[in-house]
Amino acid sequence: MTKREIADVLNDISTLLELRGENPFKIRAYSNGARKLETLEEDLDELIAEGKLADIQGFGKALVEKIKMLHTDGKLEFYENLKASVDPGIVSMLEIPGLGAKKIKVLNESIGVSSIEELQKACDDNRVAELKGFGKKSQDKIVEGIKNREAYGKRHLWWRAREIAEPILAGLLALEDVEKASHAGSFRRRREHVGDLDFIVASSKPGPVMDWFVSQSHVKEVTAKGETKTSVRFESGLQADLRVVPAKQYCFALHHFTGSKDHNVQMRQRALARGLSLSEWGLKPVEAESFEDSLEAESESDLFRLLDLKFVPAELREGLGEIETAEGKGFPPLLEVDHLCGVFHNHTTASDGSATLEEMTAAAQDLGWEYWGVADHSKASFQANGLDEERLLNQISRIKDLNASNKFSTHVFSGNECDILPDGSLDLDSEVLMKLDYVVTSVHSSFSQSEAEMTARIIKAIENPATTMLGHLSGRLLLKREAYKLDTQKVIDAAIANGVVIELNANPYRLDMDWRFWRKAAEKGLLTSINPDAHSTDHFAFVESGVNVGRKGWLTEDNVINTKPLTEVVKILAGKRPHLTC
Ligand code: DGT
Ligand code: CA
Ligand code: CA
Ligand code: ZN
């Protein structure tokens, strides 16, 4: 375990002891130990290796033993037993913001409350207000806390988090006392959702920077305010950490707090192998007394260079082989939004979209796209007003007329998002499907099939000559609905064998096929399309979230069909639709 993880366990121990009503000195020994460990400048690995942990003031013998055990084994019997000895309902009450172990113990002992539900009931009956040391005000706070717990506990979509993250960074950069500033953490790594936001600032005057930060509108609560770190909670429940460091520490702090944890662990090991110790404070020879003697780095590129590595884009820092690549020739330029020349999976008012064919075409033209494709739903998606064969043929001729009119410079492709029926057949007549320029096939029903059934169903659709690309492969809705069971590797292989594209659905709630599959799949030759699945003109903007995830999957321009200019796209689509010519 790392220093921070051990500190978390020590804090947990202290809380559990408090819930059990144990000796206050013992309780404090653990919480003090946790704080001490968190702020320890020395490298924990070294201290333990050299047997010097016990020399640190505040670490008693029992604590040293437990830290060592956690460091080497990652677990501790004492902690496991302690956890098992406290009612989980009581432990869960700790999730209520503003309610600590001491109060929970009183509530449990005086009115027998041992779960969040029971606590809610006690508040409804006004029993908490009547308790000594609580009162009406605390009761109201608890009720509010129970309500907020859900919002606070959950993760937040990257796309939503950016609405807060981007203006704050812009504001920080505009402050006089700020030399440099950046996002860090999972937000900078462009994860599909984030636990909290992290900001790193270089400044010699942290005070005014922190003051500005906590005074932002939407800040509901300041949860921690220290000399170098301030944490706030916004109205949405999203939290943010701001760390202000001296300029010479900036890129070390930025690298450390960008993470990921796995990436950091590998970087520290690499440093150690070179006799160096890497931390958020700097990079120093192992034997140097403190990080005051750190090597200098102006930028993250310098930092990587000091460890003989090429720069690693933040999106790739997941500990999934990026260090090995950075040791060698480094990374090719990753996919960018500007590379896109158009998009394929979109809806109009003909099915469940809110903009007409003309409005969508005008919006695509405003974005400078050479082409866009209509892929309205098929008839099985009746709740989405899916098109039957007749309406689809009608739409094909309308699109033909629109293209011929030269009203817009953007070319419109005729497509369809055709349902993959439970048995793997497609929802529309194949003769009609072959009249289209392309077909996106998607699963919209029977999500509960077994993995074998679902895999066979999708592979059957892949093998259908009408299928150009697969829509939202997993069916997941992030933070809302799990993916259906599927053997994704088998599907990838079938798609490659049949020349079928697997889309990267750029809707911020979908973002599938998941980024973790793309690197290997693209190496094997799979092509993708960044598809906004737009149901209105503003949804075209989703492509940015799709590109983020494509970058996390190590994708370059070459792996993506909609980075190709119109003439090349037509050539590719013509592989399955001989009627298409330039
Ligand atoms: P999140 O907020 O859950 O979406 O994920 P992150 O990656 O933003 O995590 P966060 O906010 O807890 O910490 C930011 C970064 O700081 C994290 O990616 C790596 C670094 N960091 C935090 N705690 C530790 C730790 O215990 N060990 C290591 N090696 N790095 C850590
Ligand atoms: Ca974070
Ligand atoms: Ca954080
Ligand atoms: Zn769909």
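Please list, in chain and number order, the residues 5+ apart from ILE420 or on another chain whose amide H is under 5 Å from its amide H, with Hs placed from the backbone.
Those qualifying (amide H under 5 Å, at least 5 residues apart or on another chain) are SER442, VAL443, HIS444.
Straight-line reach from LYS329: which lysines fall under 27 Å, measuring Cα to Cα and dropping same-chain residues less than 8 apart?
Candidates past the 8-residue exclusion: LYS261, LYS284, LYS310, LYS520, LYS524, LYS552, LYS564.
For the stretch 3-152, what is the per residue volume of the convex hull drawn over the alpha-carbon atoms, in cubic angstrom?
123 Å³
Please give the contour-minus-distance gain from ASP538 to LYS52: 0.36 nm per residue of separation, less the Cα-Cα distance, rounded to one decimal in nm.
Length difference between fully extended and current span is 169.0 nm.
Give or take rounding to whole Å, what are the principal axis extents of the alpha carbon atoms in the stretch 337-573, in descending order?
Sorted largest first, the three principal extents are 48, 37, 34 Å.
Starting from the residue with the highest accessible area, list THR39, THR556 in decreasing order, probe 1.4 Å.
THR39, THR556
Roughly to the nearest percent, how much of the accessible area of the stretch 247-331 is carbon and sulfur, given a 1.4 Å probe?
Here carbon and sulfur together make up 50 percent of the probe-accessible area.
Mind ranking VAL106, VAL439 by accessible surface for me, highest first, 1.4 Å probe?
My answer, sorted largest first, is VAL106, VAL439.
Taking the Cβ-Cβ separation of SER217 and SER409 as r and a Förster radius of 45 Å, what is the calculated FRET efficiency to the nearest 0.05?
Here the calculated transfer efficiency is 0.60.
Taking the Cα of ASP262, stepping 7 Å toward and past its beta carbon, and measuring to each backbone N in the stretch 500-529: which are under 14 Å?
515-520
Among bridges DSSP assigns within the chain, what percent are antiparallel (round to 5)?
45 percent
GluC sites (Glu not before Pro) within the stretch 97-196: which are DSSP loop residues with at most 15 other Cβ atoms inside 10 Å?
GLU130, GLU176, GLU179
Taking the chain as the reference, fit the longest principal axis to its C-alpha atoms, fit the long axis of helix 357-366 to the helix C-alpha atoms, and give the angle between the two in degrees, 0 to 90, nearest 10.
Tilt relative to the chain: about 60 degrees.
Could you calculate the FRET efficiency of PHE25 with GLU166 from 1/(1 + (r/R0)^6), where r is the beta carbon distance between them and R0 is 56 Å, rounded to 0.05?
Efficiency, rounded to the nearest 0.05: 0.75.
Nearest 500 deg cm²/dmol is fine: what mean residue ellipticity at 222 nm does the chain get from its DSSP H runs of n ≥ 4 alone, each adding -39,500 (n - 2.57), divided by its residue count?
The per-residue figure over the chain is -13000 deg cm²/dmol.
Need one value: the accessible area of ILE530 in square angstrom, 1.4 angstrom probe, rounded to the nearest 10.
About 0 Å², ignoring ligands and nucleic acids.
Please compute the per residue accessible area over the stretch 385-493 with all protein chains in place, 1.4 Å probe, rounded to a whole number of Å².
44 Å²
Which GluC sites (Glu not before Pro) from the stretch 481-579 combine a DSSP loop assignment with at most 14 other Cβ atoms within 10 Å?
GLU482
Be a star and scan the stretch 64-105 for residues whose amide nitrogen sits under 19 Å from the point 7 Å along the Cα-to-Cβ vector of ASN32.
Under cut-off, by backbone N: 64-68.
Cβ under 14 Å from GLU292's Cβ, GLU292 left aside: what net charge do those residues give with Lys, Arg +1 and Asp, Glu -1?
-4
Enter the mean projected area of the convex hull around the alpha-carbon atoms of the stretch 253-403, in nm², rounded to one decimal.
Projected over every direction and averaged, the Cα hull of the stretch 253-403 covers 13.6 nm².
Under a plain spin-label model, where a point goes 7 Å from the Cα along Cα-to-Cβ, how far apart in nm are HIS579 and LYS147?
5.8 nm
To the nearest 10 degrees, how steeply does helix 451-463 sit against the main Cα axis of the chain, on a 0 to 90 scale?
40 degrees
Could you state, as a whole-number percent, how many of the C-alpha pairs of the stretch 247-331 are farther apart than 23 Å?
Pairs farther apart than 23 Å: 12 percent.
Below 8 Å, C-alpha to C-alpha, sequence gap of six or more: please give me the relative contact order for the chain in percent.
Dividing the mean separation by the residue count of the chain yields 9 percent.
Given a 1.4 Å probe and the protein chains all in place, what does the accessible area of VAL570 round to, in Å² to the nearest 10?
10 Å²
In whole Å and largest first, what semi-axes does the C-alpha gyration tensor of the chain yield when each eigenvalue is scaled by 5 and square-rooted?
50, 31, 23
Expressed as a whole number of Å, what is the distance separating the alpha-carbon centroids of the stretch 58-113 and the stretch 430-468?
51 Å
Which residues does the label zone of ASN385 cover in the stretch 419-445, counting backbone N under 19 Å from a point 7 Å along Cα→Cβ?
Taking a point 7 Å out along Cα→Cβ of ASN385, the residues of the stretch 419-445 whose backbone N falls under 19 Å are 419.
With each label point set 7 Å from Cα along the Cα-Cβ vector, what nm distance links GLU176 and GLU95?
4.6 nm
The values are calculated or read from the model by the stated rules, or taken from the named source; none is laboratory data. Worth saying up front: this structure is predicted, and the values here are computed from it rather than measured. Cβ: placed from backbone, ideal geometry, glycine included. Neighbour counts: every protein chain shown. Surface accessibility is based on the protein's heavy atoms, side chains included, excluding ligands, DNA and RNA. Shrake-Rupley method; radii C 1.70, N 1.55, O 1.52, S 1.80 Å.
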